[in-house]
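Data first, discussion second: the structure below is written as structure tokens.
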Protein chains: 6
Amino acid sequence: MPKTLFVINPNCNRNVTQVMDAALTPLRHADLPRIQCITLSAGPAAIQSQSDVDMAAVHVRRFAEEHLDEAAGFITACFSDPGLHALREIKGTLSLGISECAMLTSLSIGQRVGVIAMVPESIPRHYRAWGAMGISQRVVGEVSIDRSVAALSEASETIKAMIESGRRLKEECGADVLVMGCAGMAAYRDSVEQAIGLPVVEPTQAAVSMALARLRMGW
Amino acid sequence: MPKTLFVINPNCNRNVTQVMDAALTPLRHADLPRIQCITLSAGPAAIQSQSDVDMAAVHVRRFAEEHLDEAAGFITACFSDPGLHALREIKGTLSLGISECAMLTSLSIGQRVGVIAMVPESIPRHYRAWGAMGISQRVVGEVSIDRSVAALSEASETIKAMIESGRRLKEECGADVLVMGCAGMAAYRDSVEQAIGLPVVEPTQAAVSMALARLRMGW
Amino acid sequence: MPKTLFVINPNCNRNVTQVMDAALTPLRHADLPRIQCITLSAGPAAIQSQSDVDMAAVHVRRFAEEHLDEAAGFITACFSDPGLHALREIKGTLSLGISECAMLTSLSIGQRVGVIAMVPESIPRHYRAWGAMGISQRVVGEVSIDRSVAALSEASETIKAMIESGRRLKEECGADVLVMGCAGMAAYRDSVEQAIGLPVVEPTQAAVSMALARLRMGW
Amino acid sequence: MPKTLFVINPNCNRNVTQVMDAALTPLRHADLPRIQCITLSAGPAAIQSQSDVDMAAVHVRRFAEEHLDEAAGFITACFSDPGLHALREIKGTLSLGISECAMLTSLSIGQRVGVIAMVPESIPRHYRAWGAMGISQRVVGEVSIDRSVAALSEASETIKAMIESGRRLKEECGADVLVMGCAGMAAYRDSVEQAIGLPVVEPTQAAVSMALARLRMGW
Amino acid sequence: MPKTLFVINPNCNRNVTQVMDAALTPLRHADLPRIQCITLSAGPAAIQSQSDVDMAAVHVRRFAEEHLDEAAGFITACFSDPGLHALREIKGTLSLGISECAMLTSLSIGQRVGVIAMVPESIPRHYRAWGAMGISQRVVGEVSIDRSVAALSEASETIKAMIESGRRLKEECGADVLVMGCAGMAAYRDSVEQAIGLPVVEPTQAAVSMALARLRMGW
Amino acid sequence: MPKTLFVINPNCNRNVTQVMDAALTPLRHADLPRIQCITLSAGPAAIQSQSDVDMAAVHVRRFAEEHLDEAAGFITACFSDPGLHALREIKGTLSLGISECAMLTSLSIGQRVGVIAMVPESIPRHYRAWGAMGISQRVVGEVSIDRSVAALSEASETIKAMIESGRRLKEECGADVLVMGCAGMAAYRDSVEQAIGLPVVEPTQAAVSMALARLRMGW
């Protein structure tokens, strides 16, 4: 299995790609498929609107077509899963989305899922996705930290905002598992988990976790 | 209200645009907003895969941006509603999708909606859309006529296939209202309705119908 | 199309009928079907209980039977849609309900619908209606202003109460579109929309908007 | 508890009332509340349309108001539960509907409920009711015997049609419990149950069963 | 009908059994089936975890097998309904669970059900049960009093906590009917109902109420 | 990570354990956690009734408690996931169920899931599980091959029955992904997949696939 699992950051923010890359360290191993995080330099600075998502979808699919020969599989690594279903139309390769995988993983950890969003504008889009997945009944709420992707790197402020959002999801909405609703939050996962006392699912890790063994199985 | 309601056929098949255009005749009137059906010449020959939809979404949004000044509103006229939510992010203009409008209209006509699809590949995508809309409970089935957009123009074969699909939806699935799951079927609406004895919603007509008075209201 | 679209206020409160009538001004035009708002003088002073609704249903249907010859269509203009499904059994005419149309319209504007009710007693009845429509998943909450239909005419108090309810729906429930849950609130629509910063759907306007073009189509 | 539980047949067909009355024999006992089946002579010959239901709702409520002093409770005994929610607005008395009780009872017997309807026209109305109850997910199908209430008394033909419908619900839809979707089918319950090998819930019996002990509890 | 309806308290806390027993007084009568509340001495002190429930399920089923000859029916009397579906596999006897019956009963009283739990740990399990029943749409919230079964006997503290929980369910979640989410709260039902002004369903009473007439019917 | 991932076959049929064990070969590797399939000798010959499931739940949990020190995690390997939620109450270890994992995996492969059951008796239990998971909307049907676990080893007959069931799920129910609803069918996966032309998810493989990387992550 010398091929590569491509984890595609569809925005052009290399910091986000580095955060992801670091988060995947525990999943890298000589005997596991090689994982490569890439930045789509043609992508937008951040993916916040539906228009960003639609544009990213096209870039993600194009990247996949151009890297089919080397690919063990593709992961679209933005919480709106741009291009996921178009990737899946490429037969013979595994394609996963970090949002879908995070939600599915959370369903196997708790009963009542709360999601921490970056910006409030994404929330309706996420609800559409959960409706499409048919899992809306399991989502008890989504609360935004209302910060830009750029501002994500200010650690202490971001952690504080995430803990506050997580606490509302736990106490007001009754969540018993949390999902980080953005690809760039991985570095803060442990802090949030400890502060709130609920398991926290980081979506890129969730997707790569679901991918690794399935690549072995050939699914 | 001298502005134009653009009905955007996102594939490059001018026959489909002509069929739509003809179907809108009853809705054209001096005192109603002007309706213009346009063909996206950059679009694919037909929109059947999710990849087609994603690509079309970008083109549809671009068209809207380029025609904002003249526009009273935009209708994305493919049953996968490419670009609908990106259009809606353009504030101050009305944006509707023919699939969404057809489904909403059907909900005010019958209780149990059956959909006639062009090709089987689209069916899972449509179910995702109905899940996102939160109306899955009202859809009793979708049956495909399994014909290409190109083959749509062979009238008698197409009508025959549509009647057969409609009948299955009525008799096996219990539909009491039908929706045509494609923008290019309008010419066959009356034949199907009469043959099956159920109301049939044609999506482009449904969308333009929903748009016209809302343009007056400024919604 | 010299026939009339009857908008039936099923309570006997002429003020409510006048409010509706004024709200429909933008939808009146020489080339559109004539719209006539009528008050059912045999109706109750207000429709707040289910018993009121059931009684109104009978009156609404009777009115329709007596005016079939002149009618282009009928709209039952109370947010409980009294008689809607009985109207629909009259073949060959268009029948819509303001509640159903308001909800369907809101689904094409936002993702998460909040409803402003007049009185708390109506809320369970509305939830039954949304369940019957199969759209409950899209409704994030309903908050009552707890005022009588009579008290609706005190503008400043009513607007204040509506803004407060709308704000709770936006901030606590996450609504991104609001629906006015009563036929008599139309005059306050703009004030509420501006104060809250969310689109507000007025149900009688929504229903007449959906009706006008469909009458042309003969649906 | 010398008061009476009124079981109101809202159509004027005395045969139906007699069938009900006979079906309740096992539930009559000196120590249980007195059960009286009454025919609403002002009601229609059969309740098949929504218009029939709306009219019946008014009659049922009026009967209850006129008999409040003698009443232990009221059961509206038509499978469309006419007037149920209006009855429930009368505080201090128990009001149940045979459809609601039959469905709730069936949920405690099997997982996948199939319903045998009299006429196909009622099916959409029943689905609206199950949506309003929020139990649609448990209903796997409804099949009509397509016979009038009048024709119900021809036993052998009716039983044959019911068994055929029940068999389709079992074999094609996967039902593991059946509900009779009409108040006048009680006499055939045992035959259908034995022929099909699934439990069959008769709605008037289900409602009276739910009522009897609740009357003792004062709920 | 000399046989016995066994109401099985699957924990070994005899106080809970006594509370139940007292709550059933209005349902005992010479002409009704005999009701016997029993304590499973092999059961745990309280049933709070899923592991407790699984263990209790085995004991409940074993008890039923050992008492089949004397039994008119079995009620598993813990709000997690341990063993309910295993009991139902014993053909020819009636088996009900107090949770299922309480929820079904509440659906015939109000539209929006709120549940008062003992401990927060049970809440996800209860949501799983409502999902399995297909009635999640009707449950608006569950709030825990966060007290142990042992602490239930301190009346004034418990009532105070239940009223507080009930008030949150009414005011914040919009409940119009409440369910006690534990078998041992019966003694406080009237106090809670009066304080909050909503009907309160006690689950053991609900289950025995549903059972009594069904035993006569042989269902 | 010298610890073991225990895959617990909760019935005492060693053939089933061997089939599982063989199916996991591709997932075994020096650098991945050790996978050990064990047979619960105290378990029943097959798990077909709810009573079997309840009993198995207790045995599964007991096994886990006795092997905590050596365990990296536990998988309950019967399609009814006996003991899953009790396992999850053991903090600090990963617990998964093959049914839950198979369903979640299938949701990331297709839109409309069809399930092939062993025996018809299990179907209502499976629907309860999908309701509890909140994913019922994605399941289009379940069809049983109506064979005992013992008969599973007759390969050609079993494959024939599975293909027939799969075909009904594809053609009549519209499934675009299939799930094997039993732990002992793994050997036939490829044959069924090829014959039907839809992806087929084998539940034990799905669960171990989900587990392996999560063990590395410490989730």
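So here's what we get for this one:
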read-out	value
Rounded if a/c under 1.5, otherwise prolate or oblate - segment B:124-179, Cα gyration tensor axes	oblate
Whole-Hz ³J(HN,Hα) from phi, Karplus 6.51 cos²θ - 1.76 cosθ + 1.60, for segment B:69-75, glycine and proline x	4, 8, 8, 7, x, 10, 10
Cα-centre dipole for the protein assembly as shown with unit charges at Cβ (Lys and Arg positive, Asp and Glu negative), debye to 20	0
Where a label projected 7 Å from the Cα of residue B:151 along Cα→Cβ would reach, residues of segment B:100-139 with amide N under 13 Å	B:118-121
Residue A:83 long-range amide H proximity, modeled H, under 5 Å	A:57
Gyration tensor (alpha-carbon) shape descriptor, segment F:1-71, a/c threshold 1.5	oblate
Relative contact order of segment F:100-203, pairs being alpha-carbon contacts under 8 Å that are 6 or more residues apart, as %	36
By accessible area with a 1.4 Å probe, ligands and nucleic acids excluded, highest first: order of A:61, C:62, C:125, F:28	C:62, F:28, A:61, C:125
Radius 11 Å from Cβ of residue F:203, net charge of other residues (Lys, Arg +1; Asp, Glu -1)	-2
Nearest-to-axis residue of chain F, judged by beta-carbon position, where the axis maps F onto C, in Å	F:137, 5
Share of carbon and sulfur in the accessible heavy-atom surface of the protein assembly as shown [1.4 Å probe, %]	48
Alpha-carbon centroid distance for the pair segment F:99-132 / segment D:94-146, whole angstrom	24
Solvent-accessible area buried by pairing C with B, both sides, nearest 100 square angstrom, 1.4 angstrom probe	3000
Residue-averaged beta-carbon neighbours from other chains (10 angstrom radius) around E:204-216	6
Under-5 Å amide H pairs with residue B:71, H placed in peptide plane, nonlocal only	B:4
Per residue accessible area in Å² of segment E:93-186, where ligands, DNA and RNA are left out and the probe is 1.4 Å	29
Number of partner chain Cβ atoms within 10 Å, mean per residue of C:82-90	4
For residue F:146, distant residues with modelled amide H under 5 Å away	F:119
Average Cα contact separation per residue, chain E, under 8 Å, 6 or more apart, as relative contact order %	22
From phi via Karplus (6.51, -1.76, 1.60), per-residue ³J(HN,Hα) for segment D:172-177 in Hz, x at Gly/Pro	8, 9, x, 5, 10, 8
Dipole moment magnitude, nearest 20 debye, segment A:30-125 about Cα centre, only Lys, Arg, Asp, Glu C-beta charged	240
Average beta-carbon neighbours from other chains, 10 Å sphere, peptide D:17-26	1
Charge dipole magnitude, Cβ of K and R +1, D and E -1 - chain D, Cα centre, debye nearest 20	400
Other copies of residue F:197: label-to-label distances in nm, shortest first, labels 7 Å along the beta-carbon direction	3.4, 3.4, 5.4, 5.6, 6.5
Label-to-label distance, nm, for residues given as residue D:42 and residue A:18 (7 Å Cα→Cβ offset)	8.1
Computed FRET value (nearest 0.05) for residue F:25 with residue C:160, which takes r as the C-beta separation and R₀ as 56 Å	0.20
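The values are calculated or read from the model by the stated rules, or taken from the named source; none is laboratory data. Because the structure is predicted, anything quoted here is derived from the model rather than measured. So basically every Cβ, Gly included, is an ideal-geometry build from the backbone, and we count neighbours across all protein chains shown. Accessible surface areas use protein heavy atoms only, side chains included; no ligands, DNA or RNA. Shrake-Rupley method; radii C 1.70, N 1.55, O 1.52, S 1.80 Å.
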